[in-house]
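Take a look at the structure below.
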Amino acid sequence: MLTCDVIVIGGGLVGTAVAYGLAQPGKNITVLDEGDDAFRASRGNFGLIWVHGKGRGFPQYARWTRESARQWPLLAARLQDETGIDVQAKQAGAFTLCFSEAELEARSERLAAVRDEAGGDYPYEILDRAALLQRLPHIGPTVFGGSYSPMDGHVNPLKLLRALHSACTQQDVTLKTGHGVQRITYADGLFTAHSGGRQFRAPKLVLAAGLGNAVLAGQVGLHAPVRPNRGQLIITERCKKILDYPTGHIRQTDEGGIQIGESMEDAGFDDGTTNKTLAELSRRAIASFPAIGQLNVVRVWGALRVMTPDGYPIYQESKSCPGAYVVTCHSGVTLAAAHAFRIAPWINGAGAPEELDAFTGDRFPIADASAQVLDHHHAH
Ligand SMILES: Cc1cc2nc3c(=O)[nH]c(=O)nc-3n(C[C@H](O)[C@H](O)[C@H](O)COP(=O)(O)OP(=O)(O)OC[C@H]3O[C@@H](n4cnc5c(N)ncnc54)[C@H](O)[C@@H]3O)c2cc1C
């Protein structure tokens, strides 16, 4: 039996961001992670720090996301400082492209609504084709206009995961891979995580197991009805710089490849790819930036999003088993700073961030894990 101060279940972007924020000298944090054969959104995502358009009808989420994006430069700087890993965070803004007047109008209306609901502190611009061409000279002839948000950006998500792992290790967080947790028990204020024949015990426990949270949450009086939602992605060969900014579907990585995303499908736990979807993604990419049509594709893959029924995060402490927390979300890249700098201090005993009440799992009926009301604004 190993005893520590906090057990974090899940070593993806969410679990390691929280563990990183929890780490303090003299505090023993243990992260238990299932291992290489697990589903891992953190290894298959698109890498955007994305704010604009998110959170319509849910202003707490719009503010939560905006605040995380605001704290991202600090996270990137600290990771670089502490680990020497440059996660390639570029926050010069991002664009959404529209292909018709109706699309641009809908975009404009959506952004105005989110801005107003979020209290006004929400910079963006709506651009017609001529204005867009000034900033994105390589757009295709059918692009009608678009929106620009200075809040957004992108990172190298694999370097981010590596940096978080490395930063955790340097802060004496114990990372144990190959440690899937099958069962959690609670008695006398202590949680025991059962992993194979081993047991880990602590007075605090954080569920950050991505899709694994759906099963684990109920064992400690929490409710996290997350389900997989598949995204397919494409990466091309490396090329000279053609994109200075990401769009919601296309970005040039720090290594030079063009990454093209991302579909949304309910495919259960199938993380494969289909030619039909990849063809649609390619068509849209070439319509957006015709130069992409000249490039060879080097890899395609599918990955499963960790989706709640409404697409928004769940952050909650258990009432029946105090000391157990669930932290699960889609947009774990964007929200990494919020998890390290706002969620972790709350778990460590500081006051809850003001938005937090809106994110409990109680908002979903117990039997309602299937009612997905998602739109494409949840893609990143
Ligand atoms: C196609 C796609 C594109 C995306 N694009 C973006 C984007 O542009 N921007 C953005 O912000 N976000 C994006 N995301 C979302 C982002 O990748 C996820 O929010 C994030 O990776 C979730 O991290 P996680 O740690 O919760 O889950 P995961 O990465 O799935 O990690 C969960 C971990 O828990 C472990 N685990 C599971 N069950 C157990 C158990 N019982 N015991 C022990 N360990 C367990 C697994 O081993 C795994 O390592 C995208 C996701 C996808 C799929």
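The values are calculated or read from the model by the stated rules, or taken from the named source; none is laboratory data. Note that the structure is a prediction, hence the values are computed from the model and not measured. With ideal geometry, Cβ positions are generated from the backbone for all residues, glycine too; neighbour counts draw on all protein chains shown. Ligands, DNA and RNA are excluded from the accessible area calculation, which covers all protein heavy atoms including side chains. Shrake-Rupley method; radii C 1.70, N 1.55, O 1.52, S 1.80 Å.
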Please give the per residue accessible area of the chain, computed with a probe of 1.4 Å over protein heavy atoms only, in Å².
40
If you plug each phi of the range 58-63 into the Karplus form 6.51 cos²θ - 1.76 cosθ + 1.60 with θ = phi - 60°, what whole-Hz ³J(HN,Hα) values come out, in order, with x for Gly and Pro?
9, x, 4, 6, 4, 5
When the dipole is taken about the Cα centre of the range 229-272, and only Lys, Arg (+1) and Asp, Glu (-1) are charged at their Cβ, what size is it in debye, to the nearest 20?
320
In Å, what Rg and Dmax follow from the Cα atoms of the range 1-51?
13.2, 43
Using DSSP to define loop residues, name the trypsin sites (Lys or Arg not before Pro) in the range 220-329 whose beta-carbon has at most 13 other beta-carbon atoms within 10 Å.
Lys240, Lys241, Lys319
With N residues in the chain, what two-decimal value do you get for its Cα radius of gyration over 2.2 N^0.38 Å?
0.98
With an 8 Å cut-off on Cα pairs and a minimum separation of 6 or more residues, tell me the relative contact order of the range 108-204 in percent.
15
What whole-number value in cubic angstrom gives the convex hull volume per residue for the C-alpha atoms of the range 61-111?
90
Can you show me the helix-derived [θ] at 222 nm for the chain, built from DSSP H runs with n ≥ 4 at -39,500 (n - 2.57) apiece and divided by the number of residues, rounded to the nearest 500.
-7500 deg cm²/dmol
Diagonalise the Cα gyration tensor of the range 259-375 and give the resulting equivalent ellipsoid semi-axes, square root of 5 times each eigenvalue, largest first, whole Å.
36, 18, 12
Largest-first principal axis extents, alpha carbons of the range 246-317, Å
50, 25, 21
Solution diffusion estimate, µm²/s, Stokes-Einstein, the range 1-146, Kirkwood Rh from C-alpha pairs, 25 °C, viscosity 0.890 mPa s
132
At a 1.4 Å probe radius, carbon and sulfur cover how many percent of the accessible area of the range 13-156?
49
For the range 117-144 and the range 253-302, what is the centre-to-centre distance using only Cα atoms, to the nearest Å?
23
What are the ³J(HN,Hα) values, in whole Hz, obtained from phi via the Karplus relation 6.51 cos²θ - 1.76 cosθ + 1.60 with θ = phi - 60°, for each residue of the range 311-320 in sequence order, with x given for Gly and Pro?
x, 9, x, 10, 10, 7, 9, 5, 7, 7
Mind listing the phi-derived Karplus ³J(HN,Hα) values for the range 148-158, rounded to whole Hz, using 6.51, -1.76 and 1.60 with θ = phi - 60°, and x for any glycine or proline?
10, 10, x, 7, 9, x, 8, 9, 8, x, 6
Using modelled amide H (1.01 Å from N, peptide plane; none on Pro or chain starts), what sits under 5 Å from the amide H of Arg227, excluding residues fewer than 5 places away?
Met307, Thr308
Here the residues of the range 24-51 lying in the modelled label zone of Arg198, meaning backbone nitrogen under 18 Å from a point 7 Å along Cα-to-Cβ, are 28-38
Near Val298, within a Cβ-to-Cβ distance under 9 Å, what is the net charge of the other residues, with Lys and Arg +1 and Asp and Glu -1?
+1
Modelled FRET efficiency - R0 25 Å, Arg162 with Glu103, Cβ distances, 0.05 increments
0.10
Among Leu164, Leu104, Ser318, flag the residue with its Cα farthest along the positive direction of the charge dipole of the chain, charges on Cβ as +1 for Lys/Arg and -1 for Asp/Glu.
Leu164
About its Cα centre, what dipole magnitude does the chain give when the only charges are +1 on Lys and Arg Cβ and -1 on Asp and Glu Cβ, stated in debye to the nearest 20?
620
Check which residues have an amide H placed less than 5 Å from Val8's amide H, if you skip close sequence neighbours.
Thr30, Val31, Leu32, Val206
Scaled by the rule-of-thumb 2.2 N^0.38 Å, the alpha carbon Rg for the range 145-284 gives a ratio of 1.40
Can you tally the net charge around Arg115? Count Lys and Arg as +1, Asp and Glu as -1, for every other residue whose Cβ sits under 13 Å from the Cβ of Arg115.
+1
Once the piece of chain linking Asp86 and Asp37 is laid out straight, how much longer is it, given 0.36 nm per residue of separation minus the C-alpha distance between them?
14.9 nm
